[in-house]
Structures are given as structure tokens and as C-alpha cells.
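Asks: One structure is given below, represented as C-alpha cells, and several questions about it will come after.
The values are calculated or read from the model by the stated rules, or taken from the named source; none is laboratory data. Here the structure is a predicted model, which is why all the values come from computation and not from measurement. Cβ coordinates were reconstructed from backbone atoms using ideal geometry, including for glycine residues, and neighbour counts include every protein chain displayed.
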Amino acid sequence: MNLEKRTIRGLGWSGISLFIRLLFNFVITAILARVLVPGDFGMFAMVVSFTNFFAIFYDLGLTAALVQYKEPMEEHFSSVFWLNILAGFILMLVVMLLASTIAGFYGESRVISVVLVLASIFFISSFGMVQSAIFTRQLDFKSLAIIEILAVFISGVIAIALAFYGFGVWSLVWQQVILSFIATVFLWVFSKWRPKLLFEWQRIKELLGFGLNLTGFSLLNYFNRNFDNIFIGKTLGPVSLGFYNLSYRLMLFPLNNISQVIGRVMFPSLALIQGNKDKISLMYIKATRHIAAITFPLMTGLFLVAPQFIRIVFGDKWERSVLILQILAFIGLIQSIGTTVGWIYQSQGRMDIMFRWGRYASIIIVASFIVGAQWDIEGVAAAYAIVSLSLALPNFIIPFRLIDLKLSYFIKQFRSIFLSAMGMGLMVIFSNVIMIKLSVENDMIIFLTEVFIGAISYAIFMSIFDKPLCRDSIILIRQLLYFTDAGK
């Protein structure tokens, strides 16, 4: 099977995994949000903000380096495996020792026990990282899809059961621990590779150049993604953080479940043709156009239906999250394609440039959180949106130079999608005005009507403004169905 067919098959299985996990996560989060209180989500977010920081280091970017490296040998895989085990164990102990310090930072003693349990994830996950890298390198996303779906479903069901039995924040904590454990177990079950009792530091050194630069960027990206949670938790408390974090998680849905999922396939695929810049540019544009065709209308629609969406799915107690979600939806639209530039840096092995750009961007983003907090969580979200817009152009210009892609040409590829999304938005607003005049007050009726009109109008506008993309999407769907069929 050639690279194109393998990539399409990978996208197909990643898409299946995306859809099912998105559905499971949405239902699970909605149920947990109705059973738990904002403070539970806020406390959980407090701890995760710190554990995510340490998670950056226990891999050192070596598993991604295994995917990018042209011809890794058994010595590379086994050496990385044993180093990951050691790093995972050390980081688990370090985080446990810092539990009291983290609790003192927030002034919340209940955080200690949560930290102690979540720390175990470092050690558990370290056993399956090389297997996951091998599946990714081989573009075997069918196995990864099955593993991810099983892990999300089982851990989610257990979390819901714990929540109904009154475990509060612990339902969220055990959900993550069980998710990690189940995923690791199935990675071993599905993988034929087993580590050998060998370790060669020279093989680690061959991967460190790529890995350390990726780790450096991941460290900066951590502050971009988590400093707002830490700052809000410290200055405004767990309840305010609960409202903000729920909206933030909803905003990340398209990034975590569309852009990053496709990226998992595109990175190894682009790495295989890293010397062919024209082909890379073509594949990159095609992939990002398909992403935008989903995320642009999704984020636009989420902005417009946010009031009804929050009240219907999560309940009236989450009403304050509406405005925050609307602001973050704008950020999600930008970042849904903005985060894809990482494919270019990684496939070209230029994490050094990505790291340097990340240092500059992170300073501006962190500063915006501090300034925005003067106007509470709404101010943080607004400041984040302004900065995201200001950084958008250089975020694309810098990596595009690596593959000789012109920004003006790239932007033109999204004009039709943007116009279709805006046209859809106007139709939804118009339908809302009519329902107000008709005195329609039922949230469910309003929500379903707006979603229906939005979907139909977007399809019509896209068929008018971008027939080639519609045709390509139909062809791609047929190919996905064909190549994900058993035995194909």
C-alpha cells in the first residue's frame, strides 16, 4: 500500500476514533457536569495544571523523535523504553513529594491527596509510549483507534458511576488514572514489539537533538495552555476556575479531536517525504482545508448557540460559562489551523526554530493572562483572544519558509470556507431574530432550529463558494470508507 493510501487509511481510523471519542467525551462531560459542582472541576484543573508541567519532561520528546528518525534500530526503541520507565518513576516520586507544596500554593489542603493519586499516571503511561510511537510510525491508526475508544469508554463509565455515588472530584481523578492504565494495557496487548534488555546512550543522543527542542517548545506551550488555569486558581479560586475550565475544554474539542488527530497521521506521513517541499505544501494545504471546513462552522455555531447549549447540556448553574465560551470559540477557530504548523516543524526536523518562536509567543500570551485577570475570568478570555489574533500571521509565516509556501496563497485557500461560515452565522442570527419575534422561549426548540438552519445553510454556501472542496470531501469519504474496510 503506497503512502497516499496508508495516509488515507490512517485518517479514516483516526476519524472513527475521533467521532466515537468525541461522542463519549461529550456525553460523559455533560453527565459529570450535572452531577458535580463547578468547584470539583476547578480543583481538578488546579492539580492537572501542575501535573501537565511535569508530563513534559518524562518523555523528552524521544517518542516523537522515534517517529521522525529515518531508520531507527532496535537499540533506539529499547533504549527509549527503559529511559521512559526510569523517568516516569522519578517524576512520580517528585510530584508526590511536591504535593504539600502545590496544596500550599493554592491554600487548599484537599489538593494533596489528589496530587498523590494523579502522580501515578507518570509511571503507568511510561510503559506504553514506545508502543504508541511504533503504531504511529507504521501509520497503524486502526490499533490506536480501538485502544483509545476502549480506554475512554471504560474510564468514563467508571467516572460516572463514582460521581453518582458521591465521590465528587475523585470521579474525575480516577477517570484519568483508569484511562491511562487501560490504554497502556491494550498497547501491550495489541503490539508485537517487546523491549530487549539493552540500553545504549549513543542511540539516545542521536534522538536528543530533535527531542530536546520539542520538549522545550512543549514547555513553552504548557505555559500558554495552563498558566491561565494556574493564575485563575491561585487568585480567583476553584469556583471561578471551574467555569473557565469547562469553557476552555469545550474550546479545545476541535483542537484535541480534529486538528491533533489529523496531525497524528500527517506528521509521520510528511516525515516520510520531508525532502519534497512541493508535495509537503500540497498535502499540508489539503489537510488544513478539510480541518477548516469542519472547525470554522463548528466554532461559529458554538459562538451563536452558546447560551442554549450551556443551559441544555450542563444546566443553569453553568450560566456564567456562556460569555467565556463565546470568546474562546473565536480562539478555537484560529487555533484549529494555527496548531497545524507543528507538522511542518516536526516533519522537517526544525524544532529549534519552533522552540525559538515559542519563547517569544509564550511571553506575550502569559502577560495577556496577567493583564486580563484584572477583569476576572472574562478578562482573561478576552485578552487571550486578542493576543491569539495578533500572533496568527507570524505563526504561519515562519514555518512556511521551511517549505517555500507563500502566506498569501495559503490564506486564499480559506476564503470560501470563511465566507460560508460567516454566511451560515448570518442565517442563524436571522432565524434567532424571527424566533424572538414569535416569542419562542424554549431553549431546546431554539437550539435545534439554529443547528438545523446552520447546517443546511453552510452546506448550501459551500456548494456555491467551493465546489472543488465539496467534491474532494466526498471522494475522501469514499476512500476513507474503502481503506478502513477490513483487509483493505
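Asks: Which one of these is in a helix (DSSP H, G or I) and at pLDDT 85 or above: PHE50, PHE44? Walk me through how you get there before you give the answer.
Replies: Working: PHE50 fails: at pLDDT 85 or above.
From the options PHE50, PHE44, the qualifying one is PHE44.
Asks: Say we look at the range 423-434 and pick out the residues that are in contact (Cβ under 8 Å) with a residue 60 or more places away in the chain and surrounded by 15 or more Cβ atoms within 10 Å (Cβ to Cβ); which of these is nearest to ARG289 (Cα to Cα)?
Replies: Pass one, the range 423-434, residues in contact (Cβ under 8 Å) with a residue 60 or more places away in the chain: 424-425, 428-429, 432.
Right, trim to surrounded by 15 or more Cβ atoms within 10 Å (Cβ to Cβ) and you get 424-425, 428, 432.
Values: MET424: 18, GLY425: 19, VAL428: 23, ASN432: 29 Å.
Result: MET424.
Asks: Still on this structure: Could you count how many residues in the range 158-196 are in contact (Cβ under 8 Å) with a residue 24 or more places away in the chain and outside any helix (DSSP H, G or I)?
Replies: 5
Asks: Quick one: would you say ALA306 is part of a helix (DSSP H, G or I), crowded, with 21+ Cβ neighbours inside 10 Å and touching a residue at least 24 places away in the same chain (Cβ under 8 Å)?
Replies: In short, no.
Asks: To continue, here is another question. Cβ-Cβ distance below 7 Å, separation of 6 or more or different chains: which pairs start in the range 445-471 with a residue that is in contact (Cβ under 8 Å) with a residue 12 or more places away in the chain and end on one that is β-branched (Val, Ile, Thr) and not in a helix (DSSP H, G or I)?
Replies: ILE446/VAL440
Asks: Test SER247 against the criterion of being hydroxyl-bearing (Ser, Thr, Tyr), crowded, with 23+ Cβ neighbours inside 10 Å and modelled with pLDDT of 70 or more, and give yes or no.
Replies: When the stated conditions are applied, SER247 passes them.
Asks: Only one of these is assigned to a helix (DSSP H, G or I), in contact with a Pro (Cβ under 7 Å, 6 or more places away or on another chain), among the small types (Gly, Ala, Ser) and under 20 Å from PRO307 (Cβ atoms): ALA455, ALA421. Name it.
Replies: After applying the criteria, what remains is ALA421.
Asks: Condition first: surrounded by 16 or more Cβ atoms within 10 Å (Cβ to Cβ) and within 28 Å of the chain's Cα centre (by Cα). Now tell me which residues in the range 435-452 satisfy that.
Replies: If the condition is that a residue be surrounded by 16 or more Cβ atoms within 10 Å (Cβ to Cβ) and within 28 Å of the chain's Cα centre (by Cα), then PHE447, GLU450, VAL451 are the ones that fit.
Rundown of residues vs (1) in a helix (DSSP H, G or I); (2) at pLDDT below 80; (3) over 20 Å from GLU71 (Cα atoms), yes/no style:
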position: SER240; (1), (2), (3): yes, no, yes
position: PHE243; (1), (2), (3): yes, no, yes
position: LEU252; (1), (2), (3): yes, yes, yes
position: LEU255; (1), (2), (3): yes, yes, yes
position: GLY263; (1), (2), (3): yes, yes, yes
position: PHE267; (1), (2), (3): yes, yes, no
position: GLY275; (1), (2), (3): no, yes, no
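Asks: While we're looking at this one, here's another question. What is the number of the single condition among (1) among the aromatic types (Phe, Trp, Tyr); (2) surrounded by fewer than 22 Cβ atoms within 10 Å (Cβ to Cβ); (3) in a helix (DSSP H, G or I) that PHE122 does not meet?
Replies: (2)
Asks: Right, next: Do any residues in the range 78-99 that are closer than 16 Å to VAL114 by Cβ and without any contact (Cβ under 8 Å) to a residue 24 or more places away in the chain have Cβ atoms under 9 Å from those of residues that are among the polar types (S, T, N, Q) and assigned to a helix (DSSP H, G or I), where the two are at least six apart or on different chains, and which pairs are they?
Replies: Within 9 Å, the pairs are MET96/SER120; ALA99/SER113.
Asks: For the range 321-358, what are the residues that are more than 14 Å from the chain's Cα centre (by Cα), under 24 Å from MET422 (Cβ atoms) and not hydrophobic (A, V, I, L, M, F, W, C)?
Replies: Correct list: GLN326 only.
Asks: Restricting the search to the range 154-173, which residues are of a type outside the set (Val, Ile, Thr) and surrounded by fewer than 17 Cβ atoms within 10 Å (Cβ to Cβ)?
Replies: If the condition is that a residue be of a type outside the set (Val, Ile, Thr) and surrounded by fewer than 17 Cβ atoms within 10 Å (Cβ to Cβ), then ALA161, PHE164, TYR165, GLY166 are the ones that fit.
Asks: Within the range 334-376, count every residue that is touching a residue at least 24 places away in the same chain (Cβ under 8 Å) and part of a helix (DSSP H, G or I).
Replies: 29
Asks: Something else about it: Identify, from the list GLY104, GLY88, the residue that is modelled with pLDDT of 80 or more and surrounded by fewer than 20 Cβ atoms within 10 Å (Cβ to Cβ).
Replies: GLY104
Asks: Kindly provide the set of residues from the range 199-216 that are at pLDDT 70 or above, assigned to a helix (DSSP H, G or I) and hydrophobic (A, V, I, L, M, F, W, C), ordered by number.
Replies: Answer for the range 199-216, where residues must be at pLDDT 70 or above, assigned to a helix (DSSP H, G or I) and hydrophobic (A, V, I, L, M, F, W, C): TRP201, ILE204, LEU207, LEU208.
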